[in-house]
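Working notes for the structure below.
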Amino acid sequence: MKEFVEMRDVRKIYRMGEVEIAAADGIDFQIKKGEFAVVVGPSGAGKTTVLNILGGMDTATSGEVWIDGKNIVKYSSRQLTSYRRDDIGFVFQFYNLIPNLTALENVELALQICKDPLDAEMVLKEVGLADRMKNFPAQLSGGEQQRVSIARALAKNPKLLLCDEPTGALDYNTGKAILKLLQDMCRERGMTVILITHNSAITPMADRVIKMKNGKVGSMKLNERPVPVETIEW
Amino acid sequence: MKKNILRKDFIIEIKKTMGRFISIFFIVALGVAFYSGIRASEPSMRITADQYFDDSELMDLKVMGTMGLTKADIKAIGKVSGIEAVEGGYSKDVLCPVGDNEKVVHMLSTQKNFNQVSVVEGRLPEKAGECLVDEDFLSYTDLKVGDTVTFHSGDGEALTDSLVTDTYKIVGIGNSPLYISFGRGSSTIGTGEISGFVVVNKASFDMDVYTEAYVKVSGAAEKTAFTDEYNDLSDAAKEAVSAIEEERCAIRKQEIVDEANEKLADSEKTVNEKSQELEDAKKELESGKSKAAEELEKAKQQLTDGEAELADAKQQIADGETQLADAKAQLNDKQAQLDSAEAQYESGKAQLDQKEQELADAEQVYLSNYSKYMPIITAGKEQIAAGKTQIADGKKQLDEGLAPLNQLKDGLAEIEDGISRCDSEIAELNTQLNGMDSNEYQKYVNIPKENRNEEQQAYVEKWENLNIQLAGMQERKTQLENTKQEKLKQAGFATEADLEAQITSLTEQKEDLDAKETALLQQEQTLAAQEEELLSAGRQITDGKSQIAAARAQLDSAKSQITDGKAQIQSAWALLNEKEGTLNASKAQLASGEQELADGRSEYEQAAKEAEDQITDGQVKIIDGEKQLADAKQKIADAKAEIKKIENPKWYVQTREDALTEYQGYGDNADRMRSIGKVFPVLFFLVAALISLTTMTRMVEEQRVQIGTMKALGYGKAAIAGKYIGYALIATLGGSIFGVLIGEKILPLVIIYGYMILYKHLPAILLPYHMSYAIQASVIAVACILIATIASCYKELAAEPAELMRPAAPKQGKRILLERIGIIWKHLNFTWKSTVRNLIRYKKRFFMTIFGIGGCMALMVVGFGLKDCIYEIVSLQYEKVQFYDAATYMNDDISEENRQQIQEYLDQNADVKETIEVHMQKTDVKSASGKKTLYLMVPSDDEKIEDFLSFHSRTNKNEVYSLKKDEVILTEKMASLLNVKVGDQLTIEDEDRGDQTVTIGAICENYMSHYLYLSPEKYEELYGKPVEYNTIIYSVKDGKDDQIEKTGTKLLAMDGVLNVSYTSSIEGRLDDMLRSLNLVIVVLIVSAGMLAFVVLYNLNNINITERQRELATLKVLGFYDGEVASYVYRENILLTIIGSVVGMVLGNFLHRYTILTVEVEEAMFGRQIHWQSYLYSFLFTAAFSLFVNWVMFYKLKKIDMVESLKSVE
């Protein structure tokens, strides 16, 4: 199978006066299309940096980032915007919904700018929000808001779904439900999902687990038999 | 240590939020600067002027006496309490020639301690005959320092009555504190308008008393001019001086009366003397008259005689001349005849000579011919005679030969005849026989004789007879023929033919001879003729000779005759010339006689005229003398009456306001600034305060987490709030101080500088800090913002730390009213929906922005609106309301003749289009609301006046009024001042007839001055007398505007014309005055614009900071920079538009209020803001908004997604 996502010796160096801090210090990994990948590691290991670079929100200082056969490191700011617009779906820890648009409108907001969107209402139904569509974010619980956020990301029909600690602000059960939703989406739609977490307990559900440590990939292993979320306890 | 950390945090906070800090700083600075600056303009204006007045020792009071002020008066004034100093002075209005015109100038004396003139060039006058001239006045004349000016009197009295000299050398140019602007006041001479002033030394005046006294009031210099303190002080001093008026005037009166009586006595004496002189003169005149008449009569007689003589002589000369002319004509005639005769004689003589010559020639020829031809002729004659004889012999011979032949022939012819007779007989007989038949004869002959009948018998007989006859005949014939033959033989001829030939030849010979004879005769004849010819030639010559001899004799006698004639004519001419000479001499005599006579006549006439003139002169002189005498007597009588009538002289005690033309105007302008200062800065300040308040509130709200943390850490409320209060305090206090420092210097400077156009002689602009305004503004600014900060800190601090540390519950998205209107809502896309919801959600920000933008917009609208309303009054007044071009004011006592002349001049002037007479007078009117002064204007023609003025409503231009017989039209501003409306009663005050009430028929648009328009009928009804028109207003034809002054100058030169005023120059002056407001308005607009910019920037800044997360999300979702920006801009644009609309409405109300506040009583400003002004204001606001948005674009671009979304702060 062709490598769908590949990072080659990606470095991200922040310059703080005299000191150079390498947030990513030569990262190499590959992810195949349709995989559910989990990037795990302690705080400061460079997970978010990886995600930001993958998502086109940040640029690598050096190295190559190949997404579906294109190296986005060379992209200009505008190209990156187009890339985010058409190829990437984001799910944040803090949902980042537009507060004065309803759930449906928040989804539709993302759809109005992309090329080949899915139907907003359908996606919302899929994430289980059929009857909360007309509510404003403030009227929804955290889990529901995260569902809207996922729906917003999915509805864009992206090549790659990036999730940054999607359960970080949620309680255990809600978190589980969200993870299940993501896993289902991956399985049912064959979407490539990269999920970042510091919680290594959820690694068994992933097809591929990438462990980060000090800005480098510590280890990468493939799960022959990923387990459903429900069976995982932490 | 703890404090240090907090301080550090505080400093870092300021550094981090420099934009916010600066924007609060500047908003406050702007607000304070504007507030204190505009307000400080008014006192600064006053102080600037006051300093000038104090420095130049401008008088506080001016006292003028109708009969002057004596030294004693001056002393008395000085003793009045509250008076610091007093000085007498002189002044006089004189005419100064400028080009072709004469301008009125006010001549004043230099004062030792008052009204110091500032010298621009040259020096002050130091002695009589030197002067210093007004700088402004000089600028439009050709005069310069060193020139000499001769002034003229404007009132008929010689200038030297009151001045030492009328010619002055200009030694300097300068300005006087008495005249701070262009106006120089009015005068009773010339055009009535003073154009400038001239300062001369007191020594130049030759007056017994001072014309005025200048007074300095104790303590007034310490007070600021134009303030109530100053006014109170000077009013009090005025009262005090007025208190001694009565006493002083009584003394002055007595002086004058005494003086007058003395003069009167002198005059009476003089009159009596003159009266006696006059009587003497009369007598002298009478005697002179009769003597002159006598002499003249004599001279006249002499002249008549001389004339008769001369006429006779003339006649004689004329006769002589006629005779002479006749004689000359005759003589000339004769001469002509003689000349022709002589000519004839000459030609005759010539002919004669020629003939003689010819004759001599002919004689010569004849003589030669004679000798040549005569012998020939004689010989010829002899030949001819011989020939003749020969011929005669020949003939005789021939005749002899012929005669026998002819006899023979004749015999032969007789025989021939007989033969031929026989032949004819024979023929006849044959014919008869041929008629008879021989057969018959035979038959008959055979018949015996007896048997024959008669007939037969006859027949036979006849036949037989005939035959016998025939036979006989034939026989005869033969006989004859024989004879003939015989004869011939006898003569020797064979035949008749030979005979014939013989005869013929003979005849021929004969004929030949005849021919010869004829030729000979002919020759003979010719010869005879030739001979004759020759002889006749000889005769002719002889004749010719005798003729010539006779002619010569004739000629000679003619010649002697001619010579005689010539001699006669010569003698005749000599005689004639002699006569002519005599005649000419006579003529010359005659001419000299005539000249003498003419001389005599003119001498006589001159003498007569002289005599008459002398007499008339004498008479006139006597009449004049009598009249003078009568006048003098009358004068004496008048003077006596006058002396009795002499009223107490009056004093006019004037404060600066009363005495100085432009003084009050300056005060008014300062007041106007105060009015502007009341409205504008407040609003400006309000906007500024509100904006910084919002900003501070926002800041506190943003930092709730930090507040919570600090609180949780156990810091006290004061310590926590201190940071924000300190932040606000430093920003506002700094801004305030900066604002005061800058604002109170720059704004008043700019504004006073603007007014310097009008008051250009103010030497220096003084801009002291006005602490009251500075403190007012600063305290309000600081207090407002501190209170707001404390309030929001208090709100936050009241909450539990735990709550504070949680992110603030985001404001709930809410369904808004618009969503209920499905049609609109469904058509909005999400960004629009979000925008609309956003606007509604942050109500505070919404209103702040609307108010901020609206306020700035309103300020600009007012600024532009003021410009519109103030500027347009000039064009409105002089183009829409009073559109005539000039007005001519006439003396009240102008004679009817002069009035006609003026009217005629205008009617005939090609440049003048139309004229109308009007009556203008200043009148007091009153209503329930008070008493005001206005101009009463009565046009001579109710309809024609509409070509010069328009009576119409301001609000509805189509509503046009006309002057009615029983109603009056009042101008709008006056109506509002008097608080009256159409249909109300108005009372006109009149000294003679008391109060009169009129009904207001209409209220018309008008901007400058106040007018009450009356019809002539109504005037007559009110005043009980017909209107006396004292003004002619006129308009010139299109394109002749440049001719208007020419017409005006001519008019001014006419008797009875007081003044001519041109609409264009009034317009120009007004424009100048209003232009000074321009800068003020620019200041307003620029400040408002700056405020608009700061407000928009600040609000946008808040907006973006507040929603950074939201915007970052959009970026992550893949919104391009432009799309993100437009998401924000949409709100800004909407807010700008809404704010502008609000600003327009707000501006409109504010403008109305401002206009009413700023307006002066004498004028009405426009009320309408032009739509362009709204447009400009909007465009400015929009431009600022766009600029701010442009700046914001980069700020938006810089939003870091990673940082913004990292966590909830």
Count of segment B:1134-1162 residues which are aliphatic (A, V, I, L, M) and surrounded by 17 or more Cβ atoms within 10 Å (Cβ to Cβ): 8
Count - residues of segment B:837-862 that are free of Cβ contacts under 8 Å to residues at least 24 places away in the same chain and not basic (K, R): 1
A:Y75, sole failed condition from (1) at the interface with chain B (Cβ under 9 Å from one of its Cβ atoms); (2) within 20 Å of A:L160 (Cβ to Cβ); (3) not basic (K, R): (1)
Qualifying residues in segment A:128-137 (those that are away from chain B (no Cβ under 11 Å) and within 21 Å of the chain's Cα centre (by Cα)) - the one surrounded by the fewest Cβ atoms within 10 Å (Cβ to Cβ): A:G128
Boolean, A:L118 is surrounded by fewer than 21 Cβ atoms within 10 Å (Cβ to Cβ) and part of a helix (DSSP H, G or I): no
Within segment B:361-396, tally of residues that are of a type in the set (G, A, S) and surrounded by 13 or more Cβ atoms within 10 Å (Cβ to Cβ): 4
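Of the residues B:E1123, B:E1106, B:E1131, which is surrounded by fewer than 18 Cβ atoms within 10 Å (Cβ to Cβ), within 14 Å of chain A (Cβ to nearest Cβ) and closer than 23 Å to B:L693 by Cβ? So that I can check it myself, show each step before the final result.
Values: B:E1123 fails: closer than 23 Å to B:L693 by Cβ; B:E1131 fails: surrounded by fewer than 18 Cβ atoms within 10 Å (Cβ to Cβ).
Unique residue meeting the criteria: B:E1106.
Would you point out which residue out of B:G618, B:G665 is under 30 Å from B:K283 (Cβ atoms) and either touching a residue at least 60 places away in the same chain (Cβ under 8 Å) or part of a strand (DSSP E or B) (or both)? Walk me through it before giving the result.
Values: B:G665 fails: under 30 Å from B:K283 (Cβ atoms).
Testing whether each residue is under 30 Å from B:K283 (Cβ atoms) and either touching a residue at least 60 places away in the same chain (Cβ under 8 Å) or part of a strand (DSSP E or B) (or both) leaves just B:G618.
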Residue in segment B:645-691 that is farthest from B:A29 (Cα to Cα), counting only those that are at pLDDT below 80 and of a type in the set (S, T, Y): B:T661
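If we scan segment B:716-729, do we find a residue that is outside any helix (DSSP H, G or I) and without any contact (Cβ under 8 Å) to a residue 24 or more places away in the chain?
yes
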Identity of the residue in segment B:229-253, of a type in the set (G, A, S) and buried (at least 17 other Cβ atoms within 10 Å of the Cβ), that ends up nearest to B:A659 (Cα to Cα): B:S234
Residue pairs meeting the criteria (Cβ under 6 Å; at least 6 apart or on separate chains; first of a type in the set (A, V, I, L, M), in segment B:496-523; second outside any helix (DSSP H, G or I) and at pLDDT below 90): B:L499/B:F493
Residue within segment B:356-376 that is in a helix (DSSP H, G or I), farther than 30 Å from B:Q547 by Cβ and assigned by TED's automatic domain parsing to the domain that holds B:L527 present: yes
Residue match in segment A:196-213 (condition: away from chain B (no Cβ under 14 Å), of a type in the set (G, A, S) and within 18 Å of A:I88 (Cα to Cα)): no
Answer residue from segment A:81-105, given it is part of a helix (DSSP H, G or I), modelled with pLDDT of 85 or more and in contact with a helix residue (DSSP H, G or I) (Cβ under 7 Å, 6 or more places away or on another chain) and is nearest to the other protein chains (Cβ to nearest Cβ) among those: A:R84
Residues (away from chain B (no Cβ under 11 Å) and over 20 Å from the mean Cα position of the chain (by Cα)) located in segment A:106-127: A:D119, A:E121, A:M122, A:K125
Yes/no for A:D68 being in contact (Cβ under 8 Å) with a residue 60 or more places away in the chain, over 25 Å from A:G175 (Cα atoms) and within 11 Å of chain B (Cβ to nearest Cβ): no
Among (1) at pLDDT below 85; (2) within 24 Å of B:D907 (Cβ to Cβ) - the single one B:D995 does not satisfy: (2)
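Pick out the one residue from B:S181, B:S187 that is farther than 20 Å from B:K650 by Cβ, within 46 Å of the chain's Cα centre (by Cα) and at pLDDT below 90.
Just a single option satisfies the conditions, and that option is B:S181.
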Condition broken by A:N173, with the remaining ones in (1) under 25 Å from A:A37 (Cα atoms); (2) away from chain B (no Cβ under 14 Å); (3) not in a helix (DSSP H, G or I) satisfied: (3)
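Residues checked against (1) more than 15 Å from the chain's Cα centre (by Cα); (2) β-branched (V, I, T); (3) at pLDDT 85 or above:
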position	(1), (2), (3)
A:Q139	yes, no, no
A:C163	no, no, yes
A:Y172	yes, no, no
A:M185	no, no, no
Residue list for segment A:138-148, filter: within 13 Å of another protein chain (Cβ to nearest Cβ), surrounded by fewer than 17 Cβ atoms within 10 Å (Cβ to Cβ) and either of a type in the set (G, A, S) or part of a loop (DSSP other than H, G, I, E, B) (or both): A:A138, A:G142
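The values are calculated or read from the model by the stated rules, or taken from the named source; none is laboratory data. This structure is a prediction, so every number in the text was calculated from the model and none was measured. No Cβ is skipped: glycine too gets one built from the backbone with ideal geometry, and neighbour counts run over all protein chains shown.
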